[in-house]
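Please read the structure below before turning to the comments.
The values are calculated or read from the model by the stated rules, or taken from the named source; none is laboratory data. Model, not experiment: these values are computed from the prediction. Reconstructed Cβ throughout: ideal geometry from the backbone, glycine too, with neighbour counts over all protein chains shown. These accessible areas exclude ligands, DNA and RNA; they are computed on the full protein's heavy atoms, side chains included. Shrake-Rupley method; radii C 1.70, N 1.55, O 1.52, S 1.80 Å.
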Amino acid sequence: MLGAERYGTAHNGLGDWYVQRLTAIVVALLMPLAYLLLLAVYNGALDQMQMLDLVDGYIGRMLHTLLLIALLTHAYLGVKLIVEDYVHMAALRIPMMGALLIGLAGFGIWWLSVIWAWAA
Amino acid sequence: MPTVKRPSYSRPLSPRLAVYRWQLPMIASLAHRATGIILALFVPVYLFILTGLTGSPDDFIRQMAWMHSVPGRLILWLTGTALIYHLVNGIRFILLDAGWFEARDSMRLTARISVGAGVLGALLLGGFLW
């Protein structure tokens with residue numbers, strides 16, 4: 001990447017590349033918190049009320065929202081890269097990408113509705 | 001659309017797994033993709049767990065029972081291991097993009113660290129879950 005003079009003929013690869021890394025950093029910072037919280041609940045270190053106190057505050061909901069947007073964007077770009085590398089038949093690749101995009105967007109909307117529907 | 005003259009030989013359009021000799025940095029890269037797919041597939045499972053744990057007290061008890069069942073533990077173990085590996089190797093990739101550890105020897109050493117972290121994470125998480 002260092003010293004590259006041109007970004008290639010597609011002209012939009014750098015955007016994906018950059019967003020993939022930006023979202024990676026957001027996920028790397030927030031995902032361990034979510035996973036440790038899950039393990040603490042699994043272990044019985046936190047009961048349901050203590051866990052809800054941590055996640056249903058305004059800050060918890062905001063961080064969770066930030067995490068899910070970064071995570072789903074990161075997942076979309078990552079799976080897109082793999083599909084573009086290995087699925088050469090356009091008639092298969094394009095519907096796959098469409099299904100992936102709509103599927104992840106659907107999960108994102110559901111996920112947001114779960115987070116913001118918790119009674120405060 | 002202009003017609004493109006294709007060369008008589010077929011050039012590789014993507015990483016050709018069959019022609020390269022297997023090496024640790026290549027395995028680390030492939031494992032990053034494989035764990036990424038596993039983590040993408042975990043998104044619906046995460047939502048299932050989240051709705052259960054934050055639902056009614058009965059939902060919570062049911063979800064905890066599922067998480068402690070054998071399939072639940074296996075899924076948490078597999079995805080947790082994938083997460084640890086993907087996190088460590090993801091940091092490695094970002095450092096590589098920044099121009100650090102690009103020499104062949106350090107590529108191999110850092111790949112070894114990523115894979116080692118994945119194995120260690122798998123063992124620790126396994127110990128925690130069982």
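Condition first: of a type in the set (Val, Ile, Thr), closer than 12 Å to residue A:111 by Cα and more than 7 Å from every other protein chain (Cβ to nearest Cβ). Now tell me which residues in region B:36-48 satisfy that.
Filtering region B:36-48 for residues of a type in the set (Val, Ile, Thr) gives B:37-38, B:43, B:45.
Imposing the further condition that a residue be closer than 12 Å to residue A:111 by Cα reduces the set to B:43, B:45.
Residue satisfying the conditions is B:45 alone.
Could you look through region B:85-99, keep only residues that are under 9 Å from the mean Cα position of the chain (by Cα) and more than 9 Å from chain A (Cβ to nearest Cβ), and pick out the one that is surrounded by the fewest Cβ atoms within 10 Å (Cβ to Cβ)?
That would be B:89.
Show the residue pairs that are 6+ apart or on different chains and have beta-carbon atoms under 7 Å apart, the first residue being within region B:4-32 and more than 12 Å from chain A (Cβ to nearest Cβ), the second being modelled with pLDDT under 85 and open to solvent by 100 Å² or more (accessible area, probe 1.4 Å).
Going by the 7 Å Cβ cut-off, the qualifying pairs are B:26/B:20.
Take region A:38-53 and flag every residue that is open to solvent by 40 Å² or more (accessible area, probe 1.4 Å) and either facing chain B (nearest Cβ under 10 Å) or more than 20 Å from residue B:57 (Cα to Cα) (or both).
A:43, A:44, A:47, A:49
Is it the case, given these coordinates, that residue A:118 is closer than 25 Å to residue A:36 by Cα, open to solvent by 50 Å² or more (accessible area, probe 1.4 Å) and aromatic (Phe, Trp, Tyr)?
In short, no.
Within region B:17-130, which helices (runs of 4 or more DSSP H) (wholly inside it) include 3 or more residues that are more than 30 Å from residue A:99 (Cβ to Cβ) and of a type in the set (Lys, Arg)? Before you say what the answer is, go through the steps one by one.
On the way: elements: B:24-53, B:57-68, B:70-97, B:104-129.
It comes to B:104-129.
Consider only pairs whose beta carbons are under 6 Å apart and that are at least six residues apart or on different chains; among these, list those whose first residue lies in region A:98-114 and is without any contact (Cβ under 8 Å) to a residue 12 or more places away in the chain and whose second residue is of a type in the set (Ser, Thr, Tyr) and part of a helix (DSSP H, G or I).
These pairs meet every condition: A:114/B:51.
How many residues does region B:65-82 hold that are closer than 22 Å to residue B:123 by Cα and open to solvent by 30 Å² or more (accessible area, probe 1.4 Å)?
Residues in region B:65-82 being closer than 22 Å to residue B:123 by Cα and open to solvent by 30 Å² or more (accessible area, probe 1.4 Å): 10 in total.
Being farther than 17 Å from residue B:48 by Cα and either aromatic (Phe, Trp, Tyr) or within 9 Å of chain B (Cβ to nearest Cβ) (or both) is the requirement here; does residue A:35 meet it?
No, not satisfied.
Condition first: touching a helix residue (DSSP H, G or I) at 6+ places or on another chain (Cβ under 7 Å) and closer than 30 Å to residue B:55 by Cβ. Can you find one or more residues in region A:80-91 that meet it?
Scanning region A:80-91 turns up no residue that is touching a helix residue (DSSP H, G or I) at 6+ places or on another chain (Cβ under 7 Å) and closer than 30 Å to residue B:55 by Cβ.
Here are the criteria: (1) within 30 Å of residue A:17 (Cα to Cα); (2) modelled with pLDDT of 95 or more. Tell me which single one residue B:96 does not satisfy.
Condition (2) is where residue B:96 drops out.
Between A:69, A:25, A:59, which is open to solvent by 50 Å² or more (accessible area, probe 1.4 Å), free of Cβ contacts under 8 Å to residues at least 60 places away in the same chain, more than 7 Å from chain B (Cβ to nearest Cβ) and under 10 Å from the mean Cα position of the chain (by Cα)? Talk me through it step by step, then tell me what you get.
Numbers: A:25 fails: under 10 Å from the mean Cα position of the chain (by Cα); A:59 fails: under 10 Å from the mean Cα position of the chain (by Cα).
Sole residue among the options that is open to solvent by 50 Å² or more (accessible area, probe 1.4 Å), free of Cβ contacts under 8 Å to residues at least 60 places away in the same chain, more than 7 Å from chain B (Cβ to nearest Cβ) and under 10 Å from the mean Cα position of the chain (by Cα): A:69.
Within region B:113-130, count every residue that is within 14 Å of chain A (Cβ to nearest Cβ) and open to solvent by 50 Å² or more (accessible area, probe 1.4 Å).
Total satisfying the criteria: 4.
Given the conditions (1) within 11 Å of chain B (Cβ to nearest Cβ); (2) open to solvent by 80 Å² or more (accessible area, probe 1.4 Å), and given that residue A:87 satisfies all but one, which numbered condition is not satisfied?
So residue A:87 meets the others, but not (2).
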